[in-house]
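I have placed the structure first, in the form of C-alpha cells, so that the comments after it can refer back to it.
The values are calculated or read from the model by the stated rules, or taken from the named source; none is laboratory data. Here the structure is a predicted model, which is why all the values come from computation and not from measurement. All Cβ positions, even for glycine, are placed from backbone atoms using ideal geometry, and neighbour counts span all protein chains on display. Ligands, DNA and RNA are stripped out before the accessible areas are found, and what is left, the full protein with its side chains, is counted by its heavy atoms. Shrake-Rupley method; radii C 1.70, N 1.55, O 1.52, S 1.80 Å.
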Amino acid sequence: MKNNKQLRNWLDEFNLNHPLTIAGPCSAETEDQVLKIAHSLKDTKATVFRAGLWKPRTRPGNFEGVGSLGLKWLQKAKQETGMLITTEVANANHVELALKHDIDILWIGARSTVSPFIVQEIAEALKGTDKPVLIKNPVNPDLSLWLGAVERFYSCNIKNLGVIHRGFSTYEKTNYRNNPEWQIAIELQNKFPDLPLILDPSHIAGRRDIIFDLCQTALGLNYDGFMVETHHDPDNAWSDAAQQVTPSSLIKIIKDLKIRKITDHADEYKNNLNNLRTKINLVDSQLLETLGKRMNIAEEIGVLKKENNVAVLQSKRWNEILEKMIAEGKKKDLSEQFILRVYKAIHQESINHQQSIFKQ
Ligand code: PEP
Ligand code: MN
C-alpha cells in the first residue's frame, strides 16, 4: 500500500505499509528478551523491530547497552519473525558492525544529530551503500542542525533517508519528557516533503498513557509512521521503563488509530482540512499554555504588590502594554480593534488573579 504522500520512495521499495510501525524495546537486554518481544510483534502491523545496542545515556551509571553482542540476537529475531531490524549507530565502528550483520535500517540518535563531526563520520562510513537511515531530531530545538544532518547524508549520496521526531529537551519541566515543538517537524516536512517523517511518541512522552494521543496527532499532520518502544515487561525494562508499552497495548493503539488514506479528490480535501485543523488545535493549546504562564506571572506580581502595599491597577503600565501590543499586532496584520478586545480580556483576567492574591 502507498503511504499517504503517494511517494515512490524506499518505504514502497521495502514494501512497508502505511503507517510504518517500528516497535521493540528501548534496549536489547538478553537474547531471550529480544526474541520474546519480536515473536509477540510477529504478524502485527509492526514490520520493523527496533532494539538499542549502544545506548547513549545522558548520565553515566545507567545501563549502556549490550553492544555488539546483541547484533546476532537481532539477526535471529529477523530470521525467526521475518521482521526487518533496526538499531542506533553512533560512530563509524557501529556502522561497520551493523553492515556486517545485515541490519536493515539504521537510526541516528538525538545526541548524535547535534554533532556535525559524528554525523559526517557516519555518513562517510555509509558511502556507496543504499542503507536506509532515519535521523532523529537533535536534542535541542534547532531546525538547522536537523536539516544539516539530512544534507550531510545526501551529500554522501545516501538517498534512502527518513527523519524521526522525538521531541526536544527543555530546562523547564513540562508534561512531556521532551517537548514536541510540532512546528519544527512541520517546517522540516515543508522543506523536504518527500522525506518519510516518523514519530517517536515514547521519547516525547516519557510515559505510556499519552502515546496513543501523540500518534493520532501525528497522523493528522501527515506523518508516515511511528517508532514505539515496546517491551513484554515494561516496568522491569533496563532503560526507559516508564514509557514502554506491552506488545498487546501497541496492537490496541494501532487498531484504535484513525488512519486516513487519500483515494480521491474528496478524500484529499478532507485530509488537507484535517491537517490544518490539527495544526490549529496545536496552536490553540500553545495559546492556552502561554496564557496560563502569563497569569502565573501576574500572580507573582500580585504577591509583590501586596507585600509593598501597592494598588492592583497601575494605569500607566497598562497603557504602555496596550500601545506596544497594538504596534506589534499591526506588523502581524491584527487589527487594533482585535488587540484591544483580546488585551482587555487578558488584563481583566490578570486583575482577577491578583485580586484573589490580595484577598488571601
Ligand atoms: C532510543 O531510541 O532509545 C534513544 C536513545 O533515543 P534518542 O536518541 O531519541 O534519545
Ligand atoms: Mn529509549
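Brief remarks follow.
- Residue among 216, 348, 337 with the largest mean-square fluctuation in a Gaussian network model of the chain, springs linking Cα atoms under 10 Å: 337
- Alpha-carbon centroids, the stretch 36-86 and the stretch 209-247: separation in whole Å: 15 Å
- Taken one residue at a time, the phi angles of the stretch 144-161 give Karplus couplings (6.51, -1.76, 1.60, θ = phi - 60°) of 4, 4, 5, 4, x, 5, 4, 5, 4, 5, 4, 5, 8, 6, 8, 9, 8, 10 Hz. Gly and Pro are set to x.
- Sequence-distant lysines (8 or more away, or on other chains) whose Cα lies within less than 30 Å of residue 270: 2, 5, 45, 136, 191, 252, 255, 258, 261, 279, 332
- Only DSSP H runs of four or more residues enter the estimate; each adds -39500 (n - 2.57), and after division by the residues of the chain the mean residue ellipticity at 222 nm equals -16000 deg cm²/dmol.
- Based on protein heavy atoms only, the stretch 266-359 ends up with 75 Å² per residue of surface accessible to a 1.4 Å probe.
- Largest first and in whole Å, the equivalent-ellipsoid semi-axes of the stretch 4-126 read 23, 20, 13, each the square root of five times a Cα gyration tensor eigenvalue.
- Where GluC sites (Glu not before Pro) in DSSP loops with at most 16 other Cβ within 10 Å are excluded, longest remaining stretch of the chain: 173-360
- Averaging Cα coordinates gives a centre for the stretch 311-360 and one for the stretch 109-181; these two points are 41 Å apart.
- What a 1.4 Å probe finds exposed on the chain is 52% carbon and sulfur by accessible area, rounded to a whole percent.
- When 313, 41 are compared by accessible area at a 1.4 angstrom probe, the order from most to least is 313, 41.
- Contact order relative to length of the chain, as percent, for alpha carbon pairs under 8 angstrom and 6 or more apart: 13 percent
- Considering the chain at the alpha-carbon level, its Rg and Dmax are found to be 23.9, 75 Å.
- Projecting the Cα atoms of 254, 54, 10 onto the charge dipole of the chain, computed from C-beta unit charges around the Cα centre, puts 254 farthest toward the positive end.
- Amide H to amide H distances under 5 Å link residue 87 with 105, 107, where only residues 5 or more positions off or on other chains count and H is placed in the peptide plane.
- Orientation-averaged projected area, Cα convex hull of the stretch 266-359 (nm²): 7.8 nm²
- The stretch 97-178 - percent relative contact order, Cα under 8 Å, separation 6 or more: 32 percent
- Degrees separating the helix 71-81 axis from the principal Cα axis of the chain, which is the longest one: 80 degrees
- Annotation for the stretch 101-165: trypsin sites (Lys or Arg not before Pro) lying in DSSP loop with at most 15 further Cβ atoms inside 10 Å of their Cβ are 127, 159.
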